[in-house]
Amino acid sequence: MTARRRLGFGFSPCPNDTFAFWAAVHGVEAVGDLALDPVLADIETLNQRAIAGADALPVTKLSLPALARVVDRYAVLPAGAALGFGCGPLVVCRDDAALQRLDDLATARVAIPGRFTTAFLLLSSFAPPPRECVAMPFDRVMPAVASGACDAGLVIHEGRFTHAAHGLRALADLGVLWERTTDGPLPLGVIAARRDLDAGVVRDLGELLRRSVAAARRAPELPRAYVRAHAQELATEVCDRHIALYVNDFTEALGDRGRRAIEALLARGRNSGLLPAGPSPFREDA
C-alpha cells in the first residue's frame, strides 16, 4: 500500500468549516496520496501561529490581515474560502446604549475578536479609532458588551444570528459597507498553503478541498454529527443558518470574482497603511 502524504490542516471549529472540510479530513474524498490531519483552533489562534512562523502549519485558514503578513510564505488555495454577500461582521452595543453610529466609537471601549481578523481590518477602515480596543476570543465579545465591560463589540461568525439574545443591537454592518463600496463579495477568510510545497501538491490540495465542499453541499446530512460535535452550545437551527450563509459557490471555487475580491481587500488595506505591502496572494504555477 502506498504511504499517504500527511499534512496538518488548520481550520476553525465553526460550523461552516467543519461542514466544508469533513469529507477531506475523514478520507471521504481523496486526491493523490494526500491525507489531511485536522488542527482545530480559533481563527485568531491560527492567524497568530502562521505569523509567528514557528511550527507553521502546511495548510491553514487565515484572515485577510494575517494573510497580508505571511503572503511571502503562504498562497491562497482556490477552494475553502469564507467569502460572500450578507456575511460581514457587525458592530453591536447594548440596546440601551447611547451609541448611534460608527463615529461614536471614538469615545468607546470596543471588544474585538483579534487584531489580525478581517473584522478588525474593516472596523479600522470604516470607523474612527476607538478610545480603546480589547482583544479577546470571539465567543467572549458579546458577553463583554452585555455585561458592560465594553461599550461595543465586533462580532463575527454566529454572532450575526444570536446578538439579540444577549440584549444587543447592531450599530453597523461592516459587510454592507464593504459591498456598497466595492459592489463585490466580502472575503473574510481563506485557506492558504505554504509556498514551499510542490506545485503538484498545492494543485491536489485545491482539488481535495473543492471536492470536500461539493460533497458536503450534495449530502449535508453526512457531516452533521461532526459539525454538532464541535458546535458546543449552538442550536441546530443556528448551525444550519451559519452554514447556509458562509458555505457557498465561492467556497467551492473562488473563481475570478473571488480572486478580485481578495485582491481588492488587500489593496484597500495596503493603500490605507493598515496592511504591509507584499506580492500577489496567489500562486500561478499551481
Within the stretch 240-266, the residues that are among the small types (Gly, Ala, Ser) and assigned to a helix (DSSP H, G or I) are 244, 255, 258, 261, 264
Condition set in contact with a strand residue (DSSP E or B) (Cβ under 7 Å, 6 or more places away or on another chain) and without any contact (Cβ under 8 Å) to a residue 60 or more places away in the chain, scope the stretch 28-48, selection nearest to residue 231 (Cα to Cα): answer is 41
Checking 189, 184 in turn, the sole residue that is on the phi < 0 side of the Ramachandran plot and not in a loop (DSSP other than H, G, I, E, B) turns out to be 189
In the stretch 1-43, anything over 15 Å from residue 77 (Cβ atoms) and within 16 Å of the chain's Cα centre (by Cα) is listed as 12, 13, 14, 15, 16, 18, 19, 39, 40, 41, 42, 43
Exception for residue 66 within (1) under 15 Å from the mean Cα position of the chain (by Cα); (2) farther than 24 Å from residue 284 by Cβ; (3) part of a helix (DSSP H, G or I) falls at (2)
When restricted to 175, 153, 88, 114, the only residue at positive phi and in contact (Cβ under 8 Å) with a residue 24 or more places away in the chain is 114
**Prompt:** Does residue 102 satisfy the criteria of being crowded, with 24+ Cβ neighbours inside 10 Å, out of contact with any Gly (no Cβ under 8 Å at 6 or more places or on another chain), farther than 23 Å from residue 216 by Cβ and aliphatic (A, V, I, L, M)?
**Reply:** no
Scanning the stretch 267-283 for residues that are part of a helix (DSSP H, G or I) and touching a residue at least 12 places away in the same chain (Cβ under 8 Å), the one surrounded by the fewest Cβ atoms within 10 Å (Cβ to Cβ) turns out to be 270
For this session: Kindly indicate whether any position in the stretch 168-175 is in a helix (DSSP H, G or I) and either of a type outside the set (Asp, Glu) or in the same structural domain as residue 54 (by TED's automatic domain parsing) (or both).
Result: yes
**Prompt:** Is it fair to say residue 79 is out of contact with any helix residue (DSSP H, G or I) (no Cβ under 8 Å at 6 or more places or on another chain) and either surrounded by fewer than 19 Cβ atoms within 10 Å (Cβ to Cβ) or under 23 Å from residue 255 (Cβ atoms) (or both)?
**Reply:** no
Residue set 18, 45; condition in a helix (DSSP H, G or I), surrounded by fewer than 19 Cβ atoms within 10 Å (Cβ to Cβ) and of a type in the set (Ser, Thr, Tyr); output residue 45
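To keep it simple, each residue is scored yes or no on (1) crowded, with 18+ Cβ neighbours inside 10 Å; (2) of a type in the set (S, T, N, Q).
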| site | (1), (2) |
| --- | --- |
| 144 | yes, no |
| 147 | no, yes |
| 188 | yes, no |
| 195 | no, no |
If we keep only residues of the stretch 225-261 that are modelled with pLDDT of 95 or more and of a type in the set (Asp, Glu), then the residue surrounded by the fewest Cβ atoms within 10 Å (Cβ to Cβ) is 256
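The values are calculated or read from the model by the stated rules, or taken from the named source; none is laboratory data. Quick caveat: nothing in here was measured; it's all calculated off a predicted structure. Here the Cβ is made from the backbone with ideal geometry for all residues, glycine too, and neighbour counts use every protein chain on show.
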